[in-house]
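Scroll down for the structure; my scribbles are underneath it.
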Amino acid sequence: MTHAIRPQPGILDIALYQGGQAHVAGVSNAVKLSSNENPFGPSDKAKEAFQRTVHSLHRYPSTDHAPLRSAIAEVYGLDADRVICGVGSDEIITFLCQAYAGPGDEVIHTEHGFLMYRISALAAGATPVEVKERERTTDVDAILLACNRRTKLVFIANPNNPTGTMISQAELARLADGLPKQAILVLDGAYAEYVEGYDAGLGLIEARENVVMTRTFSKIFGLGGLRIGWGYGPKHIIDVLNRIRGPFNLSTTQLDVAEAAVRDQDWVVKCRSENSRMRAWLAEQLAEMGVPSDTSTANFVLARFADPTEAEACDAWLKSQGLIVRQVAGYKLPHCLRITVGDESSCRRVVHAIGQFKGQR
């Protein structure tokens, strides 16, 4: 039956986003390693801020997010007037597509890129354009070849999810400088804090008018349940995004907890150090079992199996052992499983279980 009431073009082409599984039927206390969450959660200072907000739940939050933007600017050395805050970095991605892409425009993302780039492009009526990666790594030459007069946005996650790979600052600069004049390069830095010394593209932004970064409090800050993100870019772009941002898009709780979290950099250093230690151990142990992975710069390892059948069988075995990882066939990696780097106990359990699985075959 054909309805006269129809949504905008592109919306019905969106496949619903599936988050990482959190439960297994018949298994209590399953270990969730499917959503790249920080196993240590938020810092004590962030938790204390959360508790304090209970006294002001009847008050509307600020509309300008000034204290949080100032804290972000102070910690990262930014201009607070060019920081925008959103409901996770997902909302900033949505704003960018809504503001700069529409029918007849193209939005580029890479072959194994975050699914929200395609979803947000379609929601805006634009055409998503998928560009091949080279050995699961962003290919700057391929992206530049795909650009044309219709290209409005180019999304790059660096480090990338779900591959864990990243490209150099020089390659990012080459990409930014090679884009058509009407296009914006969006650097998704959801995992940037896991790379020591990486500025997530800040230097590129300060030197150009066509680069924006998105960031999140959901990963290393351990606040995935609160949905807080932010973006930074040239004043002319941030001004446009603020015009479509809902005035009360973040609650007082989100604003206050994020401010406390970003100021507690000791917690970030501790979480990054522990992640690096266990990530290296996890990748090495898996490699010794014949399960290779690319060198990861994030808080997960993309484990590669012989074929999709083996990956699915391993996933089923892990679930039976109370271990939830992420199948990534939706990212065109059906022979892989993405395994979040958990705490030491969780990592050891995963390695032991995969060892059992390989030994049974």
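The values are calculated or read from the model by the stated rules, or taken from the named source; none is laboratory data. Source: prediction; values computed, not measured. Backbone-built Cβ (ideal geometry, glycine too); neighbour counts: all protein chains shown.
Which one of these is within 18 Å of the chain's Cα centre (by Cα), over 25 Å from Val301 (Cβ atoms) and of a type in the set (S, T, N, Q): Thr110, Thr63, Thr94, Thr53?
Thr94
Exactly one condition in (1) farther than 24 Å from Arg208 by Cα; (2) of a type outside the set (S, T, N, Q); (3) surrounded by fewer than 17 Cβ atoms within 10 Å (Cβ to Cβ) is false for Glu133; which is it?
Every condition holds for Glu133 apart from (3).
Could you grab me the full set of residues in segment 245-269 that are acidic (Asp, Glu) and either surrounded by fewer than 18 Cβ atoms within 10 Å (Cβ to Cβ) or modelled with pLDDT under 95 (or both)?
Taking segment 245-269 first, the residues acidic (Asp, Glu) are 256, 259, 264, 266.
Hit for segment 245-269 is Asp266, nothing else.
Taking strands (runs of 3 or more DSSP E) that do not extend beyond segment 94-157, which have at least 1 residues that are touching a residue at least 60 places away in the same chain (Cβ under 8 Å) and among the aromatic types (Phe, Trp, Tyr)? Steps first, answer last, please.
Working: elements: 106-110, 127-131, 151-157.
Counting at least 1 such residues, we get 151-157.
For (1) buried (at least 21 other Cβ atoms within 10 Å of the Cβ); (2) farther than 17 Å from Phe114 by Cα, each residue gets a yes or a no:
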residue	(1), (2)
Tyr198	no, yes
Leu202	no, yes
Met213	yes, no
Phe221	yes, yes
Gly224	no, no
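Of everything in segment 26-36, what is at pLDDT 70 or above, assigned to a loop (DSSP other than H, G, I, E, B) and surrounded by fewer than 21 Cβ atoms within 10 Å (Cβ to Cβ)? Give them in sequence order.
Asn29, Ala30, Ser35
Can you tell me which residue among Gly77, Gly41, Gly104 is under 28 Å from Cys147 (Cβ atoms), at pLDDT 95 or above and not aromatic (Phe, Trp, Tyr)?
From the options Gly77, Gly41, Gly104, the qualifying one is Gly104.
Only one of these is out of contact with any Lys or Arg (no Cβ under 7 Å at 6 or more places or on another chain) and either crowded, with 18+ Cβ neighbours inside 10 Å or closer than 25 Å to Gly201 by Cβ (or both): Asn242, Asn299. Name it.
Asn242 is the lone residue from the list that is out of contact with any Lys or Arg (no Cβ under 7 Å at 6 or more places or on another chain) and either crowded, with 18+ Cβ neighbours inside 10 Å or closer than 25 Å to Gly201 by Cβ (or both).
Does Lys235 meet the test of being surrounded by fewer than 20 Cβ atoms within 10 Å (Cβ to Cβ) and not β-branched (Val, Ile, Thr)? Give the derivation first.
Numbers: surrounded by fewer than 20 Cβ atoms within 10 Å (Cβ to Cβ): yes; not β-branched (Val, Ile, Thr): yes.
So Lys235 passes the test.
Starting from segment 76-90, keep only residues that are on the phi > 0 side of the Ramachandran plot, then list their pairs with residues that are in a loop (DSSP other than H, G, I, E, B) and among the β-branched types (Val, Ile, Thr) whose Cβ atoms are within a distance under 8 Å, requiring at least 6 positions of separation or different chains.
Taking only residues 6 or more apart or on different chains, the pairs are Gly88/Ile228.
Would you check if there is a residue in segment 324-335 being over 22 Å from Asn160 (Cα atoms), surrounded by 21 or more Cβ atoms within 10 Å (Cβ to Cβ) and touching a residue at least 24 places away in the same chain (Cβ under 8 Å)?
Looking through segment 324-335, none of the residues is over 22 Å from Asn160 (Cα atoms), surrounded by 21 or more Cβ atoms within 10 Å (Cβ to Cβ) and touching a residue at least 24 places away in the same chain (Cβ under 8 Å).
Within segment 136-152, take every residue that is touching a Ser or Thr at 6+ places or on another chain (Cβ under 9 Å) and hydrophobic (A, V, I, L, M, F, W, C) and give me the one that is surrounded by the most Cβ atoms within 10 Å (Cβ to Cβ).
Applying the filter and picking the extreme gives Ile143.
Do the conditions hold for Lys181, that is, is it under 21 Å from the mean Cα position of the chain (by Cα) and basic (Lys, Arg)?
no
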